[in-house]
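Asks: Okay, handing you the structure first.
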Amino acid sequence: MSKPKTPEAELLQGTLDLLVLKALAAAALHGLGVSRRIELITNGTFAVKPGSLFPALHRLEEAGWLKSFWGTSENNRRAKYYRLSKAGRRQLENETQDWKRISLAIGSALEAT
Amino acid sequence: MHLYSRIFSFGQNLFHRREVERELSDEIACHLELLTASNLREGLTESEARRAALLELGGIEQIKEQVREVRIGHQLETLRQDLHYAGRFLLKHRFFSASTVGTLALGFGISTAMFCLVKSVWLRPLNYPDPDRLLQISAEPPMAGLHEADISLPRFEQIRSRKDLFVEVAALTSEQLTLIRAGKAEQLNTARVSDGFFQMLGAQALRGRLFQSTEQRVDGPNVAILSYSYWQNRFARDPNIIGQRIIVGGESSTIVGVLPPAFAVPFGDFNVYLPRVFTVGFLAPQQIDRGAGFLKVLARPQPGIAVHQIRTALAEMDGRYRNRAPENMDAHSNCRAFPLRETVVRNIRPALAAVTLAVICVMVLASINVANMLLGQLARREKEIAVRHALGAGRRRIVRQFISENFLLVNVALIFGIGFAWIFLAMVHQFGSGFLPGSELRLDTAGVCFALVLALVDIVFFVSVSAFNAPRDHIGETLRRSAAVSSDHPTLTPFRRALIITQVTLSLLLAIAAALLVASWYRVHNVDLGFEPVGIFVADVSPVSDRTESNTALLQRLIERLQTKPEVASAAAVYGLPLSHDDTFLQYAPADRPMPIIGHRAVTWYRVVSPQYFNVMRIPLRSGRAFTDADKLRNQPVVILSETTARLLFGNTNPIGRKVVCGGTIQTTHEIVGVVGDVRSFDLIQPVREEMYFPMAQCEEPSMTLIIRATAGTKLGAIKKRIRASLQELAATQAVTTPQPMSRIIARSFARGRFVAVALALFAGLSLLVVMSGIYSVMDYAVTQRTREIGIRLALGARRRDIIRPIVASGMKLVGTGLIVGLLVALGCMRFLSDLLYQINATDPLAFGFAISLLAAVAFLANYLPARRAMRVAPLAALQYE
C-alpha cells in the first residue's frame, strides 16, 4: 500500500523534521497539536498523517532534540506532550539556516536564463 | 548530548521494551480520543465521530510498526524476534528438530574429525624449515616389496662432497639397542645421526646442546641426546639430566642435550640419539666399507636447483661410483631422490583418500537429508506463510525468518558436531595409532574453523533451497487450497526426487566400498602365516657389553633350562622375527653354476635360528632335516631354504646336499640340509619372499629374540617370571626386554587394514541410516498428503493391497534409478580402491550384490512402512482429516 505521491508528500519526507521542530518552537504540544500546528503554519499545504508524524516525533526524541512528558489534554485526558530541548533549539536554528541557503540557491538557479 | 541520548534510547528500547510499547499504545489511544473529541465538537454522533477518527488515524498496527522501524536498535530487535520464533518453531516440532540436528551434527563431527586427521598426517610431520625443498635420497630396492633401500657409507660421502648440488646433507641410521638403568634393561629405538642432522631440520636443544663436529669423529667421546618424550617418561623431566651417564648398547654415554617436544624425525620415533653414524653394531667395518646399505639420507639442494637436475646428477654419480669401486656391494644399485613429503605419506595416502571420500559422501548425504526435511516442512507451512504475507510481512522478512531458523538449526548442530568430532578423534586414536604418523590427534582451532565453514556452507545451501522452493502463489489461492485438492498437487517436486536419487547413489557407493574392504580385511585376517602364532611369547635378549660368554652360548643354556619348566612347552631363539620388520638380507648364488659378480647376485632374506625353531613355530619340514647340535661352528656350514627359494633355485630337483655361496664382503659356502614351508615374514599382503635359515651355532648375532611356546593356559605374567628366574639361575648378565605375545606383534600388521575397513563399514552403516530416514520422511509426507484420498478409496471398498502397491512402486522407482546410477559409477570408480584390497577384485560381484540387496531392502522398508501406517487410519477418520 503506497501513499499517493503528491509533490507535497515527497517534499514533506525530506523536511518533516524541520517542520516539527518549528511547530514546537513556541510551546509544547501533543501529537495532534503538532499536526494541527503544522497545518496552520504552512497555510494548509501540509497535512501530516499520524503514520508519518509519530515516527518523526519518536525519531527526534531519540536523537535528543525533543523531550516528552505526560500531561493533561484539553479534554482532561492523559496525553503525551513534546517540547524542544536546548539541543533541539540549536538544531532548529541550524536547519533553518541550511534551508534558507538552499532555497536561495535553488531560487536563483531557477531565475537564471 | 546527541550521542548520549541515542545510547540511552537504545538501552530503553532493548531492555524496557514493554514499557516503551505500552507508552506507544497509550499515546495512540490518546490521539484517537482527541480526534474523536474534536469530531464530537463538530457535531457528529458518538459512533460516527469515532469512526471518522479511526479513518483519519489510519491503521493502528501499521502506525505502531512504522514507529518501531525508526527506533534505534530495531534491527537487533527483529533479529531477536526471528531467533525467538525460530526457537519456538524448533521446540514445537521436536521430532523434526531432533532428526535434522542429529543428522547434521553427525556429519559435522565426522567431517571435522577427518579434517584434523588429514591435517595432522599431511602437515605436522614436516615442521622443518622450508620442508618442501627437503629430499630423501635412497637406493633402488634389491627386491620387490620395499619402497626404497638404504644408502651405503661410501655413497653418502660421495653425495655429501657435492657442495655444488647440496647445501646440506645428513644421514640417520637406526638400531635397537639395550639401555641399562638401575639394573633394568630396556630395548630402545636408537638413532645414530651424522654431523649437522639436527641443524638441517631446524631443531634446537631444549636443554643442553646438540652434537658438535668433534663428537662425530671416529675417536670422539660417547655422548647422547634424548628425545623429549623419553626424558618425560623415563626421567620424569629431571632438570639435572645434562651430564648424567647412561649405558646404551654396552657403552657408557654422557647425556648432553634434550630435544624439544614438537620435534619429530621423519623416519620414526626415537628415544635416544647417538653420534657417529658409521659405527653400527649390526655391520662389520668391512661390510660398511664395501657398500652395505644402512643409512637414510636427507639432502637440501642449493637454491635454484630443481629435483630433476638432482636426479640427473645422481645418475652421473652412479656411473662414477661404479667405475671407482666396482667390487662394492651397491656398485650396481642406482640412487634416487624424492621430496621428503612424498615418502612420508606414501603408505598412508590410499587409505586416507578412501576414508576422506567416504566422509564427504556422508556429509553430503546428511545435508541432502536435512534439505529434504526442510522442504517437507516448508510445504506444510504454506498456509502460515500466506497469512504472514497478508499481515504485512514482506518477502524479505519471510526469507529472513528462514535464515534465522536455519541459522539456529545449523548452529545447534554445530555445537553437537564439535562434541562428536572430539569423540571420533578419540576413537581414531584408539584404532589407528599403530600406523598413523603424527600421533597427536587433537581438535584444534583449525578444526573448529573448518567446522564453522562447513556450517556456513550448509546454511547457505539450506536457505537457497528454501528460498527457491518457497511457495509463491497468490495468497488467496493458498488459503483456499484444502486437503481435498492436494492429490492433484504434485507431492514431490522434481528437485526433491533428484535429491532422493542422489542419496541412494551415494549410499550405494559407500556400501559397495565398505563391503569390498570388509571382505578384503577378512581375507587378510585369515591368511595363512606359515607358522602358528597363537601361544607364542617373544622377548629380546642382548648382551650388556663385551662379556666373556657369547650370546649364543647363553641362549642355548637358557633354552635348555626353560624347556624343563612346566610353563614352557618348547623354546627357541631367532634373529629376525617374522613380521617384526627387523629385516636383513644378503646376496647369494648357487655354487654349482657360474656365479655373477658381487652386486649382481640375487638377494634373499635370512634368519638365524636355534635348532628347535621350526618346531616351536610349527613350520613344516618339507624335506631333509632341521638343524641339530651337530651343526657346530667348526663343522660344515649349513643352510635351510624355504620352499619358494628352493623352487626358484633348483626347480623340482632335490636341493639337499647342494651348495650355495652366501654373503657379499665375506663369502661362505653353505650346504643345503633341509627345505621348510614358506612363512609370511614381511607383510600380510605382499607375496611370499625368498628366505634362508642359518644355525645359531654357526652365526653369532648381537641380539636375538627368545621364542617360547607356552603350555596351554599359561599367562603372560607366568612367562615373565619364569624368564627372569631362569636368567638369575644362570647368573646371566644379558638384558631381556619385557615378553609379549606374538599376536600383539602381528596385530600391528593388521592395523591399517582394520582401521580402513572399520571406518568404511561405520560410514556405510551411517549412510544407510541417513538414507532410510530421508526416504521415510519424504514418503511419509507424501502419503499424509493423500490420507483423505486413501480414506475415500478405502470407504469405497478398495483393497489395501491395491492402494499400497502404487505408492510403494512410485517410491521404489526413484530408489531403482538411484541404484542403477550408483552401480554404473561404482563399476567405474571402485578400481581406485585396489591398493587397499587384498585378494579381491574391485568389481567383486558378491560384494556388489550384497550391497545392492541391502540398500534395496532398506529402501523398500522405508517406502513400505509409511504406506502401511496410512492404511491403519480408519476411513472415517481419514475423511475428517483436514
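Asks: Can you name the residue in the stretch B:370-394 that is closer than 26 Å to B:Leu499 by Cα and free of Cβ contacts under 8 Å to residues at least 40 places away in the same chain and is also surrounded by the most Cβ atoms within 10 Å (Cβ to Cβ) among such residues?
Replies: For the stretch B:370-394, the residue satisfying everything is B:Arg381.
Asks: Mind checking which residues of the stretch A:44-64 are surrounded by 16 or more Cβ atoms within 10 Å (Cβ to Cβ) and more than 11 Å from chain B (Cβ to nearest Cβ)?
Replies: Those that are surrounded by 16 or more Cβ atoms within 10 Å (Cβ to Cβ) and more than 11 Å from chain B (Cβ to nearest Cβ): A:Phe46, A:Val48.
Asks: Determine which single condition A:Gly107 fails, assuming it passes every other condition in (1) more than 13 Å from A:Leu16 (Cα to Cα); (2) more than 10 Å from chain B (Cβ to nearest Cβ); (3) open to solvent by 70 Å² or more (accessible area, probe 1.4 Å).
Replies: Checking A:Gly107 against (1) more than 13 Å from A:Leu16 (Cα to Cα); (2) more than 10 Å from chain B (Cβ to nearest Cβ); (3) open to solvent by 70 Å² or more (accessible area, probe 1.4 Å), the one that fails is (3).
Asks: Just the residues that are within 9 Å of chain A (Cβ to nearest Cβ) and more than 19 Å from A:Arg36 (Cα to Cα), please, taken from the stretch B:30-59.
Replies: Of everything in the stretch B:30-59, just one residue is within 9 Å of chain A (Cβ to nearest Cβ) and more than 19 Å from A:Arg36 (Cα to Cα), namely B:Gly59.
Asks: Can you name the condition, by its number, that B:Leu44 falls short on among (1) part of a helix (DSSP H, G or I); (2) open to solvent by less than 70 Å² (accessible area, probe 1.4 Å)?
Replies: Every condition holds for B:Leu44 apart from (1).
Asks: Quickly run through the stretch B:93-145 and pick out the residues that are under 30 Å from B:Arg689 (Cβ atoms) and at pLDDT below 85.
Replies: Correct list: B:Val121, B:Pro125, B:Glu140, B:Pro141, B:Pro142, B:Met143, B:Ala144, B:Gly145.
Asks: So how many residues does the stretch B:706-723 have that are over 37 Å from the mean Cα position of the chain (by Cα) and open to solvent by less than 70 Å² (accessible area, probe 1.4 Å)?
Replies: Looking only at that region, the number is 3.
Asks: Now, a different point. What residue, of B:Val778, B:Val736, is within 24 Å of B:Phe495 (Cβ to Cβ) and buried (at least 20 other Cβ atoms within 10 Å of the Cβ)?
Replies: Of the residues listed, the single one that is within 24 Å of B:Phe495 (Cβ to Cβ) and buried (at least 20 other Cβ atoms within 10 Å of the Cβ) is B:Val778.
Asks: Looking at B:Val825, is it aliphatic (A, V, I, L, M), touching a Ser or Thr at 6+ places or on another chain (Cβ under 8 Å) and under 30 Å from B:Ala379 (Cβ atoms)?
Replies: no
Asks: Further, regarding this structure: In the list B:Leu104, B:Leu90, which residue meets the criterion of being in contact (Cβ under 8 Å) with a residue 12 or more places away in the chain, part of a helix (DSSP H, G or I) and open to solvent by 10 Å² or more (accessible area, probe 1.4 Å)?
Replies: Every option except B:Leu90 fails the conditions.
Asks: When you scan the stretch A:36-43, do you find a residue that is at the interface with another protein chain (Cβ under 10 Å from one of its Cβ atoms) and free of Cβ contacts under 8 Å to residues at least 60 places away in the same chain, even just one?
Replies: yes
Asks: Looking only at the stretch B:9-19, count how many residues are in contact (Cβ under 8 Å) with a residue 24 or more places away in the chain and either within 12 Å of chain A (Cβ to nearest Cβ) or in contact with a Lys or Arg (Cβ under 6 Å, 6 or more places away or on another chain) (or both).
Replies: 3
Asks: Please work out which residue is nearest to the chain's Cα centre (by Cα), limiting yourself to the stretch B:249-273 and to residues that are within 17 Å of B:Ile180 (Cβ to Cβ), assigned to a strand (DSSP E or B) and modelled with pLDDT of 85 or more.
Replies: Residue satisfying both the conditions and the ranking: B:Val272.
Asks: While we're looking at this one, here's another question. Which of the following residues is of a type outside the set (S, T, N, Q), farther than 17 Å from B:Ser9 by Cα, in a helix (DSSP H, G or I) and open to solvent by less than 40 Å² (accessible area, probe 1.4 Å): B:Leu54, B:Leu24, B:Leu35?
Replies: When all the criteria are applied, what remains is B:Leu35.
Asks: Also: Over 45 Å from the mean Cα position of the chain (by Cα) and among the acidic types (Asp, Glu) - does that describe any residue in the stretch B:651-674?
Replies: Checking the stretch B:651-674: at least one residue is over 45 Å from the mean Cα position of the chain (by Cα) and among the acidic types (Asp, Glu).
Asks: Could you check the stretch B:535-555 and list, in sequence order, the residues that are at pLDDT 85 or above and out of contact with any helix residue (DSSP H, G or I) (no Cβ under 7 Å at 6 or more places or on another chain)?
Replies: Scanning the stretch B:535-555 gives a single hit, B:Gly535.
Asks: Related question: List pairs: first residue in the stretch B:794-818 and modelled with pLDDT of 80 or more, second residue crowded, with 18+ Cβ neighbours inside 10 Å and not in a helix (DSSP H, G or I) anywhere in the structure, Cβ distance under 9 angstrom, at least six positions apart or on different chains.
Replies: B:Ile807/B:Arg786; B:Ser810/B:Leu492; B:Leu814/B:Leu492
Asks: I'm trying to understand the selection: among the residues of the stretch B:274-305, which are hydrophobic (A, V, I, L, M, F, W, C) and either open to solvent by 50 Å² or more (accessible area, probe 1.4 Å) or assigned to a loop (DSSP other than H, G, I, E, B) (or both)?
Replies: Of everything in the stretch B:274-305, those that are hydrophobic (A, V, I, L, M, F, W, C) and either open to solvent by 50 Å² or more (accessible area, probe 1.4 Å) or assigned to a loop (DSSP other than H, G, I, E, B) (or both) turn out to be B:Val277, B:Phe278, B:Val280, B:Phe282, B:Leu283, B:Ala284, B:Ala292, B:Ile305.
Asks: Looking at the stretch B:598-635, which of the residues that are part of a loop (DSSP other than H, G, I, E, B) and in contact with an Asp or Glu (Cβ under 8 Å, 6 or more places away or on another chain) is surrounded by the fewest Cβ atoms within 10 Å (Cβ to Cβ)?
Replies: Applying the filter and picking the extreme gives B:Arg618.
Asks: Something else now. Name every residue in the stretch B:316-352 that is surrounded by fewer than 13 Cβ atoms within 10 Å (Cβ to Cβ) and farther than 17 Å from B:Ser161 by Cβ, in order of residue number.
Replies: B:Pro326, B:Glu327, B:Glu342, B:Arg346, listed by residue number.
Asks: Got a sec? Which of A:Lys100, A:Lys67, A:Lys80 is within 14 Å of chain B (Cβ to nearest Cβ) and open to solvent by 50 Å² or more (accessible area, probe 1.4 Å)?
Replies: None of the others qualify; the one that does is A:Lys67.
Asks: How many residues are within 60 Å of the chain's Cα centre (by Cα), in a helix (DSSP H, G or I) and either within 14 Å of chain A (Cβ to nearest Cβ) or surrounded by 14 or more Cβ atoms within 10 Å (Cβ to Cβ) (or both) if we restrict to the stretch B:62-78?
Replies: 11
Every residue, every condition in (1) of a type outside the set (Gly, Ala, Ser); (2) at pLDDT below 90, yes or no:
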position	(1), (2)
A:Ala63	no, yes
A:Gly71	no, yes
A:Ala79	no, yes
A:Leu84	yes, no
A:Leu92	yes, no
A:Ser108	no, no
A:Glu111	yes, no
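Asks: If a residue has to be open to solvent by 70 Å² or more (accessible area, probe 1.4 Å) and outside any helix (DSSP H, G or I) to count, how many in the stretch A:30-43 make the cut?
Replies: Looking only at that region, the number is 1.
The values are calculated or read from the model by the stated rules, or taken from the named source; none is laboratory data. Since we're looking at a predicted model, the values are computed, not measured. Quick reminder, even Gly has a Cβ in these numbers, built from the backbone with ideal geometry, and neighbours come from all protein chains shown. Quick note on the areas: whole protein, heavy atoms, side chains included, nothing else; ligands and nucleic acids left out. Shrake-Rupley method; radii C 1.70, N 1.55, O 1.52, S 1.80 Å.
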